[in-house]
1. Give K85/K201; K75/K102; K184/K279; K292/K346 a once-over and call out the pairs whose C-alpha atoms are over 19 Å from each other.
2. In a shell of Cβ-Cβ distance under 13 Å around T368, excluding T368 itself, what net charge do Lys and Arg (+1) and Asp and Glu (-1) give?
3. Tell me, what % of the accessible area of segment 91-137 is carbon and sulfur with a 1.4 angstrom probe?
4. Quote to one decimal, in nm, the extra length available between V67 and T349 on full extension: 0.36 nm per residue of separation minus the C-alpha distance between them.
5. How charged is the neighbourhood of Q338? Take every other residue with its Cβ under 13 Å from the Cβ of Q338, and add Lys/Arg as +1 and Asp/Glu as -1.
6. Contour minus end-to-end for D33 and A266, with contour as 0.36 nm per residue of separation and end-to-end as the Cα-Cα distance?
7. Give me the net charge for the shell around T156: Cβ to Cβ below 10 angstrom, other residues only, Lys and Arg +1, Asp and Glu -1.
8. Calculate one ³J(HN,Hα) per residue across segment 61-68 by plugging θ = phi - 60° into the Karplus curve 6.51 cos²θ - 1.76 cosθ + 1.60, and present them in order as whole Hz with x for glycine and proline.
Amino acid sequence: MKLAKKLFSLTAIAAAVLASQSSFAADDFINPDWANTASYIGVGVGGTRGFINMDDYHRSIGRTGTVNSFSEDKKDIGAKFFVGKNFNKYVAMELGYVDLGKFEYKSSTTNGRSLNREVNFRGGYLDLIGTIPMSERFAIYGKVGGTYGQVRDDYTGNVGAAVLSPNGRFKSGNVKAGVGLEYKFSEALAVRGEIERYRVKDAYEHRGDVNFASVSLVYKLGRPVAAPVVYTPPPPPPPAPAAEVVQTPPPPPPAPVAVSEKVSFAAEALFDFDKSVVKPAGRAALDDLLMKLQGMNTEAMVTVGHTDSVGTNDYNQRLSLRRAEAVKAYLVSKGVDQSRVFVEGKGETQPVADNKTAEGRAKNRRVTVEVVGSRSGR
């Protein structure tokens, strides 16, 4: 496979992946369950370096005369395509096809004899991957696995009698290992940089190694699309119908009283800095809110996220929405009907204090929960 063909094919695939990702330009990390168990595809390209056994080659050319020139090209461009499955955020399995490129060797003798060698390795692999998340976007990983593929080991030149098989083909299984770093552009799209070592055999079953340093694009499949939720306040309860007074009836039971309760939580009480995962102290505060709502016929709950003015408008808007979504997810996990919970992200647009002071910024970093419902009259 020529270098130009490899680069063209990989560029076309990468362009298609990036185009499909454009609809998630403002992607939020709000689907951890999906992201940690998703299947994925990927393409990679990079440089290879071969460490091939040359004993037979040197013996063959040495029998014909004194060697006066020798050159080698042990570097080439490699490429791979792979599919994988995440079992959780720490473990994945990956199946792929790799072309490790060609490695060329040329020599000649003082009496005009020459011998050239060209070696190419390609085949499939299966890896087990272990990942250590460093942050929401960065992770390091290691991989071990096995390969099964074919080597093309071709000899040319006028030393044909010294080579037993000028066009050698050999298939074998071997082992491989690697380490890498991954950066997530979004929950669906990531880039990897990794270094791998492939154990290989040439056509005469001599062992060697090929190192492969590559950059890959990885795209997770089946990302759920969150439909926007528009909050519509419930209509007020209808007035009780007037009853004709024919005789003195017993007093009617008290009508439900419409109520609206609003609670504001400091962001630091619910979340760690710049995060959108509810921490234990935050869960306890939300549990206390749910205890106070017992006995209320809840018609709607609205969670609204707010931030201070530190950071860009777009980032603060996404952070406030992620935090409101996280509060909703926790309320739903405690039995609240998700169709009655609505979310909004206000970013930095509705401060309640001066953002120029640390105290004011702390007051502006908050999540409010408004509950609309009714309680039995007394």
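The values are calculated or read from the model by the stated rules, or taken from the named source; none is laboratory data. For clarity, every value in this text was computed on a predicted model and none was experimentally measured. Heads up, the Cβs are rebuilt from the backbone with ideal geometry, glycines too, and the neighbour counts pull from every protein chain shown. Quick note on the areas: whole protein, heavy atoms, side chains included, nothing else; ligands and nucleic acids left out. Shrake-Rupley method; radii C 1.70, N 1.55, O 1.52, S 1.80 Å.
1. Violating the 19 Å limit, Cα to Cα: K85/K201; K184/K279; K292/K346.
2. Once positives and negatives cancel, what remains is +4.
3. Ligands and nucleic acids excluded, carbon and sulfur give 60 percent.
4. Full extension of this stretch gives 93.7 nm more.
5. Around Q338, the charge tally is +1.
6. This chain segment gains 81.2 nm when fully extended.
7. Net of charged neighbours comes to 0.
8. With the stated coefficients, segment 61-68 comes to 6, x, 6, 9, x, 7, 6, 10 Hz.
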